[in-house]
Structure formats: C-alpha cells, structure tokens
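Asker: What follows is a structure written as structure tokens; I'll ask about it next.
Read the figures in this text as sums done on the coordinates, not as results from a lab. These numbers come from a predicted model, not from an experiment. Here the Cβ positions follow ideal geometry from the backbone for every residue, glycine too, while neighbour counts run over all protein chains shown.
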Amino acid sequence: MQSNPTSKHAMKLIICFVLLASLYPLFAVNDSKLATDPFAGAFFPPELVLLARDRIALTQEQQETLRACVEKTQMHSDELRAKLEHETAALSALAKPERLDEAALDAQLDKVLDCERALKHLRIGLLVATRNLLTPEQQTKLRGIVKDGIAQLEEDTRQRLSEKVERVKEGMQKWAARGRDPSVIGKTMEEKFKPLMDAGKITEAEAELDRLLEQLKQDGTSTESPTAPTQAARDIPEEVRNQLTHNIGSAFLVFRDKVQTELKVTGEQKEKLDQYLQTLLPEAMQVLQKSEGERGKYNQKTHGEMAAMLKKILNEDQCTRLRQMELQRDGLFGPAWNIKELQITDAQRQQFMAPIQETQQKTQALMAEIRKGANPDEIRPKALQLRLDLESKLEALLTDAQKKQWKEMLGGPVDLGVLFDGVPSQ
C-alpha cells in the first residue's frame, strides 16, 4: 500500500495522541508544585498497546482479551455517557427558573457528579486491566517506545497495514480466479477502510482489514459469487433475522419473514432480499457484540445505505408500507433521525423525558424479574404493554397538527406479532 500524505499525517496525529494520553495527568491540580499526578507513567492506553503489539510481542490471546475489555468498557461507557447527558439536561432545567430550589439543585448535581465519577473509575479500570495483561518485559518495551518517540512505531504500523492490504488484494484475486465477484470486498475497502485511514482512525481501519481477511479466509473455498443465489442466503434462520432487528434496529425489519408476508413480496423479491442480507451479515453479526451506542450508529448508517437498494427491489407501495411499519415499531421514542419530518421541538423532548425515564425504570424491574428466574414469555407481554402505554403518553404531548401528521405517517395498524418477537398474532 502506497503511503499518502493525508494517511501519514493522520497516523502521526493518532500515535501522538495516544502517547500524550499516557503522559497527561488524570487529575488536574491548581498548583503543580503542591501536587503531582500519582499515576504519571503508570499506565498504557490500550490504543498504544494495540498499535505496538508487534514490537512488544503481544500474543493473540492477549490481543483478544484486550479487545474484549475495550468493548466491554465502551459498552458501559456509552450507557454512563447517556445517563450523564440525561442528568446534565435535568440539572440545566432546574437552573432555569427565576427562583431556584437549592436542595433540588444539590441533589441533581450529585447525580451528575456520580456519573462523572463512575466514568473515571471505568477508565481507570480499563487502564489497570491493560497493564495487568502485560508482562514486565512488555511494559518495559512500551516505556521505551514512549521515551524514544513514534518514528519506529509509525513504520511498524505502516508496514503491518501494507502487508494486510496486500493479503486482501491476493484474496480478491483468488475470488476472481474462481469465478467469484470480489467487488463487495473492494467496495468495503473504498467506503470503510479508506475513510477510516483518512480520518486517522488507524486501529478501526486495521480492525476492518482483519474482518475482510477473516471473510476471505472463511469463504476462500467457495466457487459461488457472493451476489449469486445461495442456499446459505435462503437458509438464514428467522431467529437471526429477528435478533438483528431487535438488537440493532428497524433497518433489518424488512428481512423478517412476517414483514415480507405483510409486504406481499414475490419469490424473486425475497431472493434478492436474502442475497442482500447475506452481504450485510458478516459486519452485522460483529456489530451485535458492540455497545448499544455503536449498534444505534450502525442502524442509522445501514438504514440510509439500504434505501437505494430497497427501491430497486421493492415497488413504491411496498417501500411506503415498510416505512410505516418501521415507524410503528420504533414509535415516538425511537431514534430522532428517523422522525425528523415530525419536527419535535426541544421543549417537547424535555417533556418526553419524564415518561421515558419512568418506563425505563419499570422495564429494568421486569428485567430483574427475568434474572431472578421469571418466565420470559410471561414478562414479554408486560414489556410490550409498557411500550404501548409510553407511546400513548408521548403522543398526547404532540400538537394537533403533529398528531394528524403522525397518524398519516403510521398508516394502517400492523399486527404486533409482525413487528415484535414472541408476540402472538391477533
């Protein structure tokens, strides 16, 4: 892979960033003469460890363990950041009246500080886990890298990425030689790998290369084109389709068998949808293991990318009905990007917070019952009823014009069994 100035500059920036992160004090003080950072030089950011993995002889087991720790931390971090955003918004609302309630402000401030404290503990926990994963020899090598600078690390990273890109190219050539269409791999390189490199997201770019290499490795013995009808595409279990919809979002709703029946798709349309799902499946299955925040971003991105493809497969009426079913499933508390045309105001979203928070608490109580051994089949209808009750409360907060528009956007009601798992058809 030829190095270009943008990618080289981006690599320098990110490596400089992780090096600085390892040296920057974790706790700010007013007088550096009176206090010093107790953790100075004690930890190694996981990003630095992964970038330097070849130089410190990081084993495959260590890499997998570290990635799992990072993903687990990221998942909890996303949850805490969402909670922090919510509590901060609540604190801001309490500070707006002309006369302030000091006790309420103090109590809400404590909630904000608790979230910030939890985030710091989470970060320290990841740094501790990262260091404990390393051998004394590996830690010594990392300190040497920090001390000596980034030149050699940059070269090692560039060489490693170059080698992987060449392996991807070789895999594509083998696909072509066997009569397979390698364009899906080339598209991923152009639309995902290259933008990540240009943005300086080296570790994410390398992860994308690893995913492609694994896909090429798994599919290497097949002689069928990934865009051709395959038995594997037709036999993707309904359980997997439902899992994608439930855990990622409504972008995958169209692949549910019941939804396709509701849309009255033809045999040819179903085959094309299954073929398309097969191209999405490798990345989607990986996204299932990520945090809720990352799954939401992927849902939005995929929903946008799918629009053009679905217009080629479905007719206009089917596309309209699919959109209505997505809205009926997500409701007013679904992702904001999916209901922009309703023009929900900030004031209305502030009003939404109380019923949403109340429903979240009740939902968590139901989840606790399941953890204690309750039958999920008995809990599921209760959880669904909470969603329906919340939808009614939020709809009541709309203006008359919005209510009319929302009713038109939803179209005719769909049987809940079509949209949700485990709900019997009425």
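Asker: Name all residues of segment 61-91 having a backbone nitrogen under 19 Å from the label point set 7 Å from the Cα of GLN350 along its Cα→Cβ direction, giving them as ranges.
Answerer: Only 84-91 pass the distance filter.
Asker: With a ≥ b ≥ c the root eigenvalues of the C-alpha gyration tensor of segment 229-328, is it rounded (a/c under 1.5), prolate (a/b larger than b/c) or oblate?
Answerer: Note, shape of segment 229-328 comes out oblate.
Asker: Grab the eigenvalues of the alpha-carbon gyration tensor for segment 167-219, scale each by 5, take roots, and send me the semi-axes largest first in whole angstrom.
Answerer: After diagonalising the Cα gyration tensor, the semi-axes are 22, 11, 7 Å.
Asker: I would also like to ask the following. Could you work out how far apart the two model spin labels at ALA307 and LYS340 are, taking each label as a point 7 Å from the Cα in the direction of the beta carbon, and quote it in nm?
Answerer: With each label placed 7 Å out from Cα toward Cβ, I get 0.7 nm.
Asker: Ratio of segment 342-389's C-alpha Rg to 2.2 N^0.38 Å, to two decimals?
Answerer: 1.44
Asker: Sort LEU100, LEU153 so the one with the fewest other Cβ atoms within 10 Å of its own Cβ comes first.
Answerer: Fewest-to-most Cβ neighbours within 10 Å comes out as LEU100, LEU153.
Asker: Related question: Grab the beta carbon distance between GLU155 and ALA118, set R0 = 51 Å, and tell me the FRET efficiency rounded to 0.05.
Answerer: Result of the calculation: an efficiency of 0.85.
Asker: Along its three principal axes, how long is segment 119-174 when you only count alpha carbons? Whole Å, largest extent first please.
Answerer: Result for segment 119-174: principal-axis Cα extents of 47, 29, 21 Å.
Asker: Multiplying the sequence separation of GLN385 and GLN289 by 0.36 nm and subtracting their Cα-Cα distance, what value in nm do you get?
Answerer: 31.8 nm
Asker: Assuming 0.36 nm per residue, please report the length gained on full extension of the stretch GLU369 to THR140 beyond their Cα-Cα distance.
Answerer: 77.6 nm
Asker: Right, something else. Can you work out the base-10 log of I(q)/I(0) for segment 331-419 at q = 0.21 1/Å, using the Debye formula on its C-alpha atoms alone?
Answerer: With no solvent term, the Cα-only Debye profile gives -1.09.
Asker: When ARG81, ARG323 are ordered from fewest to most other Cβ atoms inside 10 Å of their Cβ, what list results?
Answerer: The order, fewest Cβ neighbours first, is ARG81, ARG323.
Asker: Would you pull out the residues with amide H under 5 Å of PHE44's amide H, same chain only if 5 or more places away, H placed 1.01 Å from N?
Answerer: Under 5 Å from the amide H of PHE44: ARG131.
Asker: For a footprinting-style exposure proxy, rank LEU119, LEU105 by other Cβ within 10 Å, fewest first.
Answerer: Listing LEU119, LEU105 from fewest to most nearby Cβ atoms yields LEU105, LEU119.
Asker: Viscosity 0.692 mPa s, temperature 37 °C: give me the Stokes-Einstein translational D for segment 289-333 in µm²/s, with Rh taken as the Kirkwood radius over C-alpha pairs.
Answerer: Estimated via Stokes-Einstein, D reaches 277 µm²/s.
Asker: Continuing with the same structure: Just to check I understand the Karplus step: with θ = phi - 60° and J = 6.51 cos²θ - 1.76 cosθ + 1.60, what whole-Hz values come out for segment 110-118, glycine and proline as x?
Answerer: So the Karplus estimates, Gly and Pro as x, are 4, 5, 5, 5, 4, 5, 5, 5, 5 Hz.
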